[in-house]
Each structure stands twice: as structure tokens, then as C-alpha cells.
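Values quoted throughout were computed directly from the atomic coordinates according to the rules given, and no laboratory measurement underlies them. Quantities reported herein were computed from a predicted structural model and do not represent experimental measurements. Here the Cβ positions follow ideal geometry from the backbone for every residue, glycine too, while neighbour counts run over all protein chains shown.
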Amino acid sequence: MISLDQVRFHWPKQADPTLHIASLQITQGEHVFLYGPSGSGKSTLLSLLCAIQLPSVGHIHILDTDLIGLSSAKRDQFRADHIGTIFQNFNLLTYLNAVENVLLGCQFSQQRQRKAGGSNAKIKQKAISLLVQLGINESLHKHAVNQLSIGQQQRVAVARALIGEPELIIADEPTSALDENARESFIQLLFEQAKHYQATIIFVSHDQTLAPLFSRQLNLPAINLASPNKEVIE
Ligand SMILES: Nc1ncnc2c1ncn2[C@@H]1O[C@H](COP(=O)(O)OP(=O)(O)O)[C@@H](O)[C@H]1O
Ligand SMILES: [Mg+2]
């Protein structure tokens, strides 16, 4: 599903390179918990996987597509078609209601619109049913999202990431605003929806108590040859 080969990344103006990953493979359906201290490059790695940034050296293949070979328009389309994202601040449009925010998830992808039912009416029905399955009942669907609680906004962000069944879900510290119990039930909800279509999940958190919920734990400094904390591999 995902393959990295000799990937190096250096932010402009930073003295040292941020990432050097010799090799990394992730299989379809894996639930990966990506961890490492603050500043260790987790978000940078996610931006490479989303093709928002390109490595200076090396190759990244996702679903057999070489991201480096794509034009910038094709990279944008690839992201819209295949990747659902959930960020720490959720990036919801606060003046839109919950359903409208979920619909944004497939706005730029005909492929995801097709998978979500095809017609506008069916896609809207899909958005409503996803929200209900995630515990946002219909009385809340027409509220502007800034009237919802943080936990509710987060579920809206999950529904937006899942609509149209993108193969890859990328979540960057989406639980940091929640208390411990809410974090775990949030992850269970995400997994439950993702398993309907074997989505691959890459989930970043600094909260180690969440790690056992995942099928794989990936310690970024241990595989990052640019990290001062890297393991010495003989
Ligand atoms: N947009 C950016 N421009 C320049 N440097 C950045 C940018 N984003 C992150 N960095 C640098 O890259 C390193 C890794 O940051 P980041 O990927 O955000 O780490 P993490 O998500 O693990 O906390 C840090 O040294 C950070 O300062
Ligand atoms: Mg980060």
C-alpha cells in the first residue's frame, strides 16, 4: 500500500535534515500508531505521505503510484481521491453545518463521490448516515459546526475523512483535545468505520496509552537516520 525508499527531507532554513528513512512498508488495512517526541518529524512524514511536500531524494509509492513522478495538479487529485485527513484542529469550516462539512471530503474527487453513492441526494444521505453512525444525531446536523462541542466537531472531521472510502486515513494528533476515555472511544469509532472497507490508518499521537489499540507501533526516531535518537543499525 505504501512504500518509502531512501527518502530524505530537509526543510529550507533548518540546519539539519529532518528525515532520512531508508525503507518503510505499510500494508493495506494496517492501523499504524506513529510516535516520537515533539519535533521528531511525525507531521513532516505525514505531509510527505499526503504529497503536500516532496522528498529531496528518494521515492514514495502509494497504491502503486510514484508520488514524485506526478505533476502538482495530479498530486492534488491523488490526495483528493485516496487520502482522508484528520488534523489536530480539525480544519472544519465553522460557518458551514455538519453535513456540509462532511460533503467537503469528496468535493474534489469524482471517484469518492461515486463511492459515496454518485448523485447529490445519495451523497448527502451518506454524509447523514456516517454522522449518525459516529454518534452525531440528526438534530445537530444543521447547526454551524462551531456550535458543536470539541468531541462532536472531531466526529464531523472523521466523517469528512471517511466519506467516499479513501484507501488511506491520516490522522495527526486528533485526540489531543480530548480526555483519556473519550480518546479511546474515538479511536474505536474510527476503526469500526474504517474496517467496513479495509482502510489503512496512520495515526500520530504522543499519548503512548493509545498504542496497544493499533496493529503496529512505529517509533519514528528508530527508523529515521537523520534523527539524533536513531537506533544504531550495524
Ligand atoms: N513548515 C516548516 N518549515 C520549516 N521547518 C519546519 C516546518 N514544519 C516543521 N519544521 C521543522 O521540522 C522538524 C520536525 O517537525 P514536525 O514534523 O512538526 O515534528 P512533530 O510532528 O514530530 O512534532 C522540526 O525541527 C520543525 O521545526
Ligand atoms: Mg506534529
Report, ordered by chain and residue number, the lysines lying within cross-link reach of LYS126, taken as a straight Cα distance under 22 Å and ignoring same-chain residues fewer than 8 apart.
LYS115, LYS142, LYS195
What spacing in nm lies between the two simple spin-label points modelled at HIS59 and ASP207, each 7 Å away from Cα in the Cβ direction?
3.9 nm
Could you state the number of Å between the C-alpha centres of region 88-154 and region 174-232?
24 Å
What shape does region 152-217 have by the C-alpha gyration tensor, where a ≥ b ≥ c are the square roots of the eigenvalues, rounded means a/c under 1.5, and otherwise prolate means a/b greater than b/c and oblate the rest?
oblate
5 Å is the cut-off here: which amide hydrogens, built 1.01 Å from N in the peptide plane, fall below it relative to ARG216, excluding neighbours closer than 5 in sequence?
HIS31, PHE33
Treat region 119-233 as a sphere of radius equal to its Kirkwood radius over Cα pairs and apply Stokes-Einstein at 20 °C in a medium of 1.002 mPa s; give the translational diffusion coefficient in µm²/s, rounded to a whole number.
135 µm²/s
Determine ³J(HN,Hα), in whole Hz, for all residues of region 192-204 in sequence, where each value follows from phi through the Karplus function 6.51 cos²θ - 1.76 cosθ + 1.60 and θ = phi - 60°; x replaces Gly and Pro.
4, 5, 5, 6, 4, 9, 6, 5, 8, 10, 10, 10, 9
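Let me check against my output: what whole-number percent is the relative contact order of the chain, with C-alpha pairs under 8 Å and at least 6 apart?
For the chain, the relative contact order is 29 percent.
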Give me the extension gain from PHE191 to GLN125: residue separation times 0.36 nm, minus the current Cα-Cα distance, reported in nm with one decimal.
21.6 nm
Filtering chymotrypsin sites (Phe, Trp or Tyr not before Pro) in region 1-62 by DSSP loop and by at most 12 other Cβ atoms within 10 Å leaves none
P(r) over all Cα-Cα pairs of the chain, 10 Å bins from 0 to the longest distance, whole percent per bin, short to long, reads 8, 32, 35, 20, 5, 0
If the label point sits 7 Å along Cα→Cβ of ASP76, residues of region 38-65 with amide N under 16 Å come out as 51-54
Give a residue-ordered list of calculated ³J(HN,Hα) values for region 173-186 (Karplus: 6.51 cos²θ - 1.76 cosθ + 1.60, θ = phi - 60°; whole Hz; x for Gly, Pro).
6, x, 9, 5, 8, 9, 7, 4, 4, 5, 4, 5, 5, 4
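Given Cβ point charges of +1 (Lys, Arg) and -1 (Asp, Glu) and nothing else, what value in debye, to the nearest 20, does the dipole of the chain about its Cα centre take?
My answer is approximately 760 debye.
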With the dipole of the chain defined by +1 on each Lys or Arg Cβ and -1 on each Asp or Glu Cβ, the option from GLN198, PRO37, ALA161 whose Cα lies farthest towards the positive pole is ALA161
What is the extension gain from SER139 to ARG8, computed as 0.36 nm multiplied by their sequence separation minus the C-alpha to C-alpha distance, in nm to one decimal?
42.3 nm
Restricting to the chain, compute how many DSSP beta bridges are antiparallel as a %, nearest 5.
45 percent
